[in-house]
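Presented below is the structure to which this report refers.
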Amino acid sequence: MDEVRFFPAPNVKEASRLTKEWPVSQAVLMAGGTDLLVLKKLKLVNPRSIVYLKRIPGLAEIRPDGKGGFIIGALATLDAVGRHPGLNRNYPMLAQAALAVASPQIRYKATMGGNICLNSRCWFYNRSPFWRAEYPHCRKASGGSQCYVTPRSRQGCFALQSGDTVGPLVALGAALRLVSDEEERIIGMEKIFLGDGMHYLALRPGEVLTEILLPAPVGRGAFVKFRPQNNLDFATFTLSVIIPWKGAGSRIVAACVASRPLRARQAEALLDQGEINTNVIAQEAVKEFNLVSFVRGSLEFKKQVMEAKLTEIMARLKQPM
Amino acid sequence: MTPLKLRVNGEPVHLLVKDDETLLDVLRDRLLLTGTKRGCGEGQCGHCTVILNGKAIHSCLTLALEAEGGEILTIEGLAQGDRLHPIQEAYVKAGAIQCGYCTPGMIMAIYCLLKESPHPDENEIREAIKGVMCRCTGYYKIIDAVQRASAGVSKNG
């Protein structure tokens, strides 16, 4: 077998160039590596070149943008984000989400950029080669022609977007700065997810996520990460709700239940129109999310708990401070 | 193979490593520091926890080359000669060792906690040791040990 090479990139341009030197999927970007190295051990990712980002100077900074918002460097660790006083003051839901990820050991290494770009996960994908041999037709794991989650689907992959910080970032209206050796662009947090488990990110070859741009906070927010036990698990679902201090612009976001984060736009409109019964809004939202994947919890279970949790946090948010 | 330079328990170490060799493999198989245990290899059990540049991390999910120029502390580096570290002392007194397999990882996670917050409350302790699994399930003795250690650390300044 070919030996894997490790390239610490001195800057973003060089990282971009290094990944382009190799055929697609043979070069991978690595920041914290807490997800990538597991995938490598399971032989789900088989890189020949690992481009290491963490030595790029300046990318771990968290700083105010001067317009009331914040800029988070993609290499800021989840621990740093979760404990940052400014972020805790302005975006408590984001700090909570960062601290809800796995264990302290993971959070000291794992980065914000990595949590956003985290590979989509599935019951039939994140398994040992031995286990996977029993399900040889999975589209994501072995390029087969079947999906074991939705056996009747003709195409597509239903692996779940799994980063805990994604929901709050969508609710907060964050944007991402993507840099390659040739160009630079800014893309909205919702647009980066393509909604397919296999091709889940709109990153072009050679593009590196460098910064997360947070606009000034517009309202009160609440975040819930639900998992059956308070353990290290990925979320069964996360809910992020924002109710603006004045005017319209409520956000209701469910994440970790589909290949992209989901917004309930009609339920948001109900919330904006001043609907008082939060249970009505929650029911509408859950209907709108239209869940399909039974991974990490059966559909009925997910829907019921989600409705209850949504009702609860919206009622809490609507109470006067 | 790539040359690697780092400090392990205060000693400078120079060696050649494979590019995708994990820090755990280097510590255990090359430096023969077998105090650090190999568990699940995917960041769930936490038995491979070591301190890298002051932070507790999973050595099984860290490439050795990531630690280039870094400072590593393993369970072997805690005791001063015959004198146990206060956390180890407290572990013995509280009977928290039990089967002992999770002990090295657990103690390194606790070491990191007490560095950052010398007097943690029970919730902080629970959160800090969340990443290390004890299959004897005797977590209460471990929490007791952390509380004793925290008292001991303050007594010795």
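Values in this text are rule-based calculations from the coordinates and carry no lab data. Computed from a prediction, not measured in an experiment: that's the story for all the values here. A quick note on method: Cβ atoms are made from the backbone with ideal geometry, for glycine too, and the neighbour counts reach across all protein chains shown.
For peptide A:249-257, the mean count of partner chain Cβ atoms within 10 Å of a residue's Cβ comes to 0. For region A:239-251, the Karplus equation 6.51 cos²θ - 1.76 cosθ + 1.60, evaluated at θ = phi - 60°, returns couplings of 10, 10, 10, 10, 10, x, 5, 9, x, 8, x, 5, 10 Hz by residue, with Gly and Pro reported as x.
What GluC sites (Glu not before Pro) does region A:1-79 have in DSSP loop regions with at most 10 other beta carbons within 10 Å? Intermediate results must be reported in sequence, preceding the final value.
Numbers: sites: A:Glu3, A:Glu14, A:Glu21, A:Glu61; in loops: A:Glu3, A:Glu21, A:Glu61.
Of the GluC sites (Glu not before Pro), the ones in loops of region A:1-79 whose Cβ has at most 10 other Cβ atoms within 10 Å are A:Glu3.
Kirkwood hydrodynamic radius computed over region A:6-90 comes to 14.4 Å, based on all pairs of distinct alpha carbons.
Within 10 Å of the Cβ of each residue in B:41-48, the mean number of Cβ atoms contributed by other protein chains is 5. The alpha carbon convex hull volume per residue for region A:182-261 rounds to 138 Å³.
Taking the centroid of alpha carbons for each part, region A:49-76 and region B:123-140 are 32 Å apart. Here the Karplus relation 6.51 cos²θ - 1.76 cosθ + 1.60, evaluated at θ = phi - 60°, turns the backbone of region A:190-199 into coupling constants of 6, 6, 6, 8, 8, x, 10, x, 8, 10 Hz, with x for every Gly and Pro. Taking region A:59-79 and a reference point 7 angstrom along Cα→Cβ of A:Asn11, the backbone N atoms nearer than 18 Å belong to A:59-61, A:74-75.
The distance separating the Cα centre of region B:23-63 from that of region A:84-139 comes to 20 Å.
Global dimensions of the protein assembly as shown from alpha-carbon coordinates: Rg and Dmax equal 22.9, 71 Å.
My understanding is that a pair violates if its Cα-Cα distance is over 20 Å; which of A:Lys109/B:Lys55; A:Lys13/A:Lys109; B:Lys55/B:Lys115; B:Lys5/B:Lys37; A:Lys246/A:Lys302; A:Lys43/A:Lys225 do that in this structure? Numbers along the way, then the final one.
Working: A:Lys109/B:Lys55 9 Å; A:Lys13/A:Lys109 23 Å; B:Lys55/B:Lys115 9 Å; B:Lys5/B:Lys37 22 Å; A:Lys246/A:Lys302 32 Å; A:Lys43/A:Lys225 29 Å.
Violating the 20 Å limit, Cα to Cα: A:Lys13/A:Lys109; B:Lys5/B:Lys37; A:Lys246/A:Lys302; A:Lys43/A:Lys225.
Relative to one another, the C-alpha centroids of region B:90-116 and region A:210-282 are positioned 39 Å apart. Under the rule a/c < 1.5 gives rounded, and otherwise a/b versus b/c splits prolate from oblate, where does region A:1-55 land using the Cα gyration tensor? Oblate, since a/c reaches 1.5 and b/c is not below a/b.
For A:Arg5, the residues whose amide H sits under 5 Å from its own are A:Ser49, A:Ile50, ignoring neighbours fewer than 5 places away on the same chain, with H placed 1.01 Å from N.
What average number of partner chain Cβ atoms lie no more than 10 Å from the Cβ of the residues making up A:23-32? Please report the intermediate quantities before stating the final value.
Details: counts 0, 0, 0, 0, 0, 0, 0, 2, 0, 4.
Average neighbour count from other chains, rounded to a whole number: 1.
Under a 5 Å amide H cut-off, with hydrogens placed 1.01 Å from N, B:Gly70 pairs with B:Arg7 among residues at least 5 apart or on other chains.
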